[in-house]
Amino acid sequence: MVSRVRPYRFGTGTGTTREPTTSAGTVPAEHELRPSGLVDLRGTPPGPARTVVYPRDAVVVVSGLPGSGKSTLLERWSGTAGAEVIEPRVTHVLCESRMPSWLPYAVYRPWARLRYFNWLRGAVASGVPTLLHDCGSRAWMRGWLRAAALRAGRTGGVHLVLLDVGPAVALAGQRARGRRASRRPFARHVRGLGRLLDALAAHGHRAVPEAASVVLLDRSSRDHLAGIAFTDDPPAAQ
């Protein structure tokens, strides 16, 4: 796999979802993707469903705009044995269920975020394979994850999977799921993702030194990464 990156643009690809395969031992080598450095799959022709393979103790951050398909991808990958999926929506719903219906979420958002970070800290410290739903554009967050992983003795590194589907597709995804991000936060996410993609276009993998690998996906390539696996085998050359 040749790592490449184009000047920044939001992707607009389309595709169909395939059923996951999560056991690396049963996947032909040609159907595996073992990311290292920057791997740009945007615009690649559709092919056989592939399984993305990471080190056993890796932390994998799935990132992109609200509505870009992060939760869908994590749900598809969540059957991986032994992987813990960290989804901020879970803490949001949990906190919401314990508060009066008339109380705005903004009032107890700090509590929800504290629960989320405590959950994330515990998962990273445990050493189990970890899948994380996050916007991914915050360098401080990636740096904190890397430092926390190193403190926990993890050697597999932090890996970024970045969904570049475009604001229009992301807004359509929000409408489809019945949850709309507020206009200002969504615009902030668009700007943050744009800066990150610009930096990757200009500097390649060096733009994200906190991550051992970055995989760029559009809608089509997202739907062809059908499964994920964590293994003790060393990564193959890209």
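Computed from the coordinates by the stated procedures, all read-outs in this text should not be read as laboratory data. Note that this is a predicted model, so its numbers are computed, not measured. Virtual Cβ from ideal backbone geometry, glycine too; neighbours counted across all protein chains shown.
Here are the numbers for the structure shown:
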{"quantity": "Convex hull of Cα atoms in the stretch 113-161, direction-averaged projection (nm²)", "calculated": "3.3 nm²"}
{"quantity": "Likely footprinting exposure, Ser68, Ser36, Ser126, Ser97, fewest C-beta neighbours within 10 Å first", "calculated": "Ser97, Ser126, Ser36, Ser68"}
{"quantity": "Stokes-Einstein diffusion coefficient of the stretch 73-115, Kirkwood radius over Cα pairs, 4 °C, 1.567 mPa s, in µm²/s", "calculated": "109 µm²/s"}
{"quantity": "Compactness of the stretch 169-238, expressed as Rg and Dmax over alpha-carbon positions, Å", "calculated": "15.8, 44"}
{"quantity": "Principal axis box of the stretch 186-226, alpha-carbon based, largest edge first, Å", "calculated": "28, 27, 16"}
{"quantity": "At 0.692 mPa s and 37 °C, Stokes D of the stretch 89-186 from Kirkwood alpha-carbon radius, µm² per second", "calculated": "208 µm²/s"}
{"quantity": "Cα-based shape type of the stretch 34-142, given that a ≥ b ≥ c are square roots of the gyration tensor eigenvalues and the cut on a/c is 1.5", "calculated": "prolate"}
{"quantity": "3J(HN,Hα) from dihedral phi, the stretch 192-203, Karplus parametrisation 6.51/-1.76/1.60, rounded to Hz, x for glycine, proline", "calculated": "x, 5, x, 5, 5, 5, 4, 5, 5, 5, 7, 10"}
